[in-house]
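The values are calculated or read from the model by the stated rules, or taken from the named source; none is laboratory data. Bear in mind the structure is a predicted one, so any value in this text is a computation, not a measurement. Here the Cβ is made from the backbone with ideal geometry for all residues, glycine too, and neighbour counts use every protein chain on show. SASA here: full protein model, heavy atoms, side chains in, ligands and nucleic acids out. Shrake-Rupley method; radii C 1.70, N 1.55, O 1.52, S 1.80 Å.
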Amino acid sequence: AFEPLSEFRNYSIITVTPDVVAKITLSPNNSIMPAGNGLFHSATAYDKWNNVNSSAKTWGVNDSAASVNSTGFFNSTTPGAYFVNVTVDGIIVNTSFVTVTPNNVSTISLTPLSSSTPAGIGQNFSATAFDKWGNVNSSTISWGTNSSLGASSFNTTSGNSAFFNDTVALVYKVNASV
């Protein structure tokens, strides 16, 4: 049986949805970050008419020494160059380049830890700075000693090596810092 409409309408409702993905904007595009600090990426997909397409995004990174989660958060504790990519609708449409550098110095390894040498002969020392992840940090090493009694001298042969010499027979504490 035919039932009449309870109200008269002279229109129809149509919902227009975004077309297939034509491009993705990705931010940041190129970046530098210290090891272990992490970096959020964001991506927006658009159809050819610039309508936002909310299709699911899949994130990836080119190296197992790094990771990127489902929200675009990238992290690595290993310095290097990485490519973060985002995929929508099964097509990789944009890639970000991330350079990971060593983080701030947390420890310095000094060699030798102790030695004995005749006055005036001297001793070579070397130091290596590391971040909290064990990555070598190339910061310039500063050299010093705990004594102002002798005629101590440091001849820095490179950023991380020095030659210590003194003619006064004492026990010295050689310091390496950044």
| said: Which residue is nearest to the chain's Cα centre (by Cα), if the candidates are limited to the stretch 19-78 and must be among the aliphatic types (A, V, I, L, M) and surrounded by fewer than 17 Cβ atoms within 10 Å (Cβ to Cβ)? | reply: Ile32
| request: Please go through the stretch 137-149 and pick out each residue that is closer than 13 Å to Leu110 by Cα and at pLDDT 85 or above. | output: Ile141, Ser142, Trp143
| query | Picking from Val178, Val136, Val168, which residue would you name as being closer than 30 Å to Val68 by Cα and among the β-branched types (Val, Ile, Thr)? | reply | Val136
| Among strands (runs of 3 or more DSSP E) lying entirely in the stretch 1-82, which contain 1 or more residues that are within 30 Å of Val105 (Cβ to Cβ)? | 30-34, 57-61, 66-68, 73-76
| task | Give me a count of the residues in the stretch 79-89 that are open to solvent by 70 Å² or more (accessible area, probe 1.4 Å) and either aliphatic (A, V, I, L, M) or farther than 17 Å from Met33 by Cα (or both). | result | 1
| request: Please work out which residue is surrounded by the fewest Cβ atoms within 10 Å (Cβ to Cβ), limiting yourself to the stretch 117-135 and to residues that are in a loop (DSSP other than H, G, I, E, B) and of a type in the set (A, V, I, L, M, F, W, C). | output: Ile121
| task | Return the only residue of Ser114, Ser109, Ser96 being under 30 Å from Asp166 (Cβ atoms) and in a strand (DSSP E or B). | result | Ser109
| said: List pairs: first residue in the stretch 40-56 and under 10 Å from Val20 (Cα atoms), second residue basic (Lys, Arg) and in a strand (DSSP E or B) anywhere in the structure, Cβ distance under 8 angstrom, at least six positions apart or on different chains. | reply: Ala45/Lys23; Ala45/Lys57; Tyr46/Lys23
